[in-house]
Amino acid sequence: MEEPVRDRVARVLERIDRAAARSGRSPAAVRLVAVSKTRPPERVAEAYEAGLRVFGENYVQEAEDKVGAFPDAEWHLIGKLQGNKVRKAVSLFRWIQAVDSTNLLAAVSRRCVEAGKTLPVLVEVNLAGEGSKAGISPEELPALLSAAVGLPGVRIKGLMAIPPMTEDPEESRPYFSRLREILERFSGPGTGGERMTELSMGMSHDFEVAIEEGATMVRVGTAIFGSRARREG
């Protein structure tokens, strides 16, 4: 029999508490983003009933019905955003986590202005230079932050990253540490990143290490909902 989502949520929250305690941080400083991609609305409802209010989706079209079913939840777009989906994404999501170019940031800005809203945005950084993954290189980040200065409708609040996949969570630690160092470097006055305070890093297999390294958001899917039958990632 499959373990209830409520029990899985309780265990994830306990792990967050312990990881935060080990690093001398408050668990309240860590936002749990329940990754609900490919999950039907009834599974989202189980997580919602267990007390979760922050959800992450990879695909704009797939998210539409879920956002409509749970309008008071905080919905994050955590997957690659295509240019032709920006308008819809701006209408659906309260956070956009995976901006990876100045052109995309400018497009989000334009659509936010049209919609009369301002959205918090995270910049995705490709720490390992993996060609299969989205994200800008650390060397490209200063130019994006400079371009963001004065753009209406968007506020760059921090960085996100997905380290190379590995079975050992400790192998992710250097990447998490580096992302924290990059944020600290570019969050000072005059860098364009003055408002950056958020680090979105860590997934089901390594979120505890990410918290120890300063994560303020962890994106957890499998540990909450169980293994996926498709689009496993």
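Here region 99-148 is treated as a sphere whose radius is the Kirkwood value from Cα pairs; by Stokes-Einstein at 37 °C and 0.692 mPa s it diffuses with a coefficient of 282 µm²/s. Let me know the shape class of region 25-99, please: from the alpha-carbon gyration tensor, a ≥ b ≥ c as square roots of the eigenvalues, rounded when a/c is under 1.5, otherwise prolate if a/b is greater than b/c, or oblate. Cα axes put region 25-99 in the oblate bin.
Would you please put 73-80, 213-220, 140-147 in order of how densely packed they are, using the mean number of other Cβ atoms within 10 angstrom per residue and starting with the highest? Before the final figure, lay out each step's value.
Numbers: 73-80: 21.4, 213-220: 23.9, 140-147: 16.8.
Final packing ranking: 213-220, 73-80, 140-147.
Give me the net charge for the shell around VAL125: Cβ to Cβ below 13 angstrom, other residues only, Lys and Arg +1, Asp and Glu -1. Spell out each step's value before the answer.
Working: positive: LYS133, ARG178, ARG180, ARG185; negative: ASP100, GLU124, GLU130, GLU139, GLU140, GLU181, GLU198.
Residues near VAL125 contribute -3 overall.
Per residue, the accessible area of the chain comes to 45 Å² when a 1.4 Å probe rolls over the protein heavy atoms.
The values are calculated or read from the model by the stated rules, or taken from the named source; none is laboratory data. These numbers were taken from a predicted model, which means no experiment stands behind them. Methodologically, a virtual Cβ is constructed for each residue, glycine included, from the backbone with ideal geometry; neighbour enumeration extends over all protein chains shown. Surface areas here come from the heavy atoms of the whole protein model, side chains and all, with no ligands, DNA or RNA. Shrake-Rupley method; radii C 1.70, N 1.55, O 1.52, S 1.80 Å.
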